[in-house]
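Report on the following structure.
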Amino acid sequence: MNKVLTPVGEVFTRLLGPSTEVSITAYDGSRSGPEDAPVAIEVRSPLALTYLMSSPGDLGLARAFVAGTLEVKGDLYTALHALAAQVDQLTTADRVWLLRRLGSTHLRRVPPPAEELPSRLRRTVRGLRHSKARDSSAIANHYDVSNRFYELVLGPSMAYTCAVFPKAEASLEEAQANKFDLVCRKLALKPGMRLLDVGCGWGGMAEHAAEHYGATVLGVTLSREQASWAQADVEAKGLADRAEIRHSDYRDITETGFDAISSIGLTEHIGARNLGSYFGFLAERLKPGGRLLNHCITNPDTSVAHRSRGFIDRYVFPDGELEAVGEIVTAMHDSGLEVRHSENLREHYAATLAGWCANLDEHWDEAVAEAGAGRSRVWALYMAACRLAFERREIELHQVLGVKVEPGGQAHVPLRPDWGV
């Protein structure tokens, strides 16, 4: 066994920095940090160190946590918040220091946890990035985990996108219903209108528009599990005459003449180079005077790389890409849609994620039984990390409303917004 030259607790204190909120205990009996800290990190195995030293970027800590060689006792968000400045990635100086203190044995490559996806290069066997086949595989990896697992995490709404809180003390369910209602009001839905909901998830938007606004809705999703669950729910609620959920790529939609289109949480999977064709395709399916509401996670500015990387790319959203809101607006304008309103809901997404994290904590044992410990750890880590990222403005969430104006320039929008903002 490799001889540990420096107590492991001291190693992690060096890497993560001292904190009054976090204590560290290790398999060699060493510890650091205050004993009464609200959060304790437990280094359970030498494999945790090997993951740190042999993995690029943030993958080391992620692999160690997902594999269970690094345990967090207490609230994971609190731990990440306390260590936010240190956990991004190891520097070259950190690696040299580790090598000197722990020896070269930890530099060996070890198999990552089973939940990790292949690299981008190896994923090309499934097709080029954002081809139909590769997009289908990426969506299935994330969304076809288990409908029951998502019920435990998301709650009764089964809404996996940013909620809109009418007030700070509103419940997650109230906020999700308010989000769907806000989208319907922005789209000016009326009884008898036809709505296309692309990336419809488990059908929450489609059901809300059909039940409360009398719209006829076509929802499409690339996830077979989502489509099956959503169509069954539509039928159970007696909405099958007004709402259809279809397992389909949005690019295979042949219907046209929709009065409105909602795109809630799909743009993140489209790819920056495909934004123009995406909005162009949707604009072709709108009637003149029709509205499109795009709701998606965005970068804070255009200097941030589009492609996800590290932990998010290999465990959560393979091939995911984010753009700045200005890029979204430009793509919508260039496709023939006039942008009439935009708002940033960044703080709302942080609050939404806090609700999901609380749900997962409350139902942890059942979630593990349903999806496995590793997969549950992936979701816990990514949701806590994303909550922190929204709070720190590392990412944002924008709703952008566009209109396909009439040939004479009529947009059919009120002089001032009438949807309650």
Could you tell me whether any residue of the range 391-409 is surrounded by fewer than 16 Cβ atoms within 10 Å (Cβ to Cβ) and assigned to a helix (DSSP H, G or I)? no
Of the residues in the range 183-206 that are of a type in the set (Gly, Ala, Ser) and out of contact with any helix residue (DSSP H, G or I) (no Cβ under 8 Å at 6 or more places or on another chain), the one that is surrounded by the fewest Cβ atoms within 10 Å (Cβ to Cβ) is Gly192
Cβ pairs under 6 Å, 6+ apart or interchain, first in the range 186-214 and more than 15 Å from Tyr160 (Cβ to Cβ) and in a loop (DSSP other than H, G, I, E, B), second modelled with pLDDT of 95 or more and basic (Lys, Arg), ordered by first then second residue, are Leu187/Arg291
key: Selection status of Val339, open to solvent by 30 Å² or more (accessible area, probe 1.4 Å), within 23 Å of Arg185 (Cα to Cα), in a helix (DSSP H, G or I) and in contact (Cβ under 8 Å) with a residue 12 or more places away in the chain   = no
- [ ] Look at Ser308 and say whether it is small (Gly, Ala, Ser), out of contact with any Asp or Glu (no Cβ under 9 Å at 6 or more places or on another chain) and without any contact (Cβ under 8 Å) to a residue 40 or more places away in the chain.
- [x] no
Scanning the range 267-290 for residues that are in a helix (DSSP H, G or I) and farther than 14 Å from Arg251 by Cα, the one farthest from the chain's Cα centre (by Cα) turns out to be Arg273
Picked from the range 64-77 (must be open to solvent by 30 Å² or more (accessible area, probe 1.4 Å) and touching a Pro at 6+ places or on another chain (Cβ under 7 Å)), the residue farthest from Phe311 (Cα to Cα) is Gly74
TODO: Inspect all residues belonging to the range 300-307 and state whether any of them is in contact with a strand residue (DSSP E or B) (Cβ under 6 Å, 6 or more places away or on another chain), surrounded by fewer than 23 Cβ atoms within 10 Å (Cβ to Cβ), closer than 30 Å to Ala62 by Cα and of a type in the set (Val, Ile, Thr).
DONE: yes
Filtering the range 147-182 down to residues that are crowded, with 21+ Cβ neighbours inside 10 Å, part of a helix (DSSP H, G or I) and of a type outside the set (A, V, I, L, M) yields Phe149, Tyr150, Gln176, Lys179, Phe180
If you go through Gly257, Gly320, Gly280, Gly289, the only one that is open to solvent by less than 30 Å² (accessible area, probe 1.4 Å) and closer than 30 Å to Val145 by Cα is Gly320
Per the filter on the range 348-366, residues open to solvent by 10 Å² or more (accessible area, probe 1.4 Å) and out of contact with any Phe, Trp or Tyr (no Cβ under 7 Å at 6 or more places or on another chain) are Ala354, Gly355, Ala358, Asn359, Asp361, Glu362, His363, Trp364, Asp365, Glu366
Over the range 88-105, the set of residues outside any loop (DSSP other than H, G, I, E, B) and either at pLDDT 70 or above or of a type in the set (S, T, N, Q) (or both) is Thr92, Ala93, Asp94, Val96, Trp97, Leu98, Leu99, Arg100, Arg101, Leu102, Ser104, Thr105
Among Ala385, Ala369, the single one that is under 23 Å from Gln176 (Cβ atoms) and either small (Gly, Ala, Ser) or surrounded by 16 or more Cβ atoms within 10 Å (Cβ to Cβ) (or both) is Ala385
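The values are calculated or read from the model by the stated rules, or taken from the named source; none is laboratory data. These numbers were taken from a predicted model, which means no experiment stands behind them. Ideal geometry is used to build each Cβ from the backbone, glycine not excepted, and the neighbour counts take in all protein chains shown. Remember, those area values only see protein heavy atoms, side chains included, never the ligands or the DNA or RNA. Shrake-Rupley method; radii C 1.70, N 1.55, O 1.52, S 1.80 Å.
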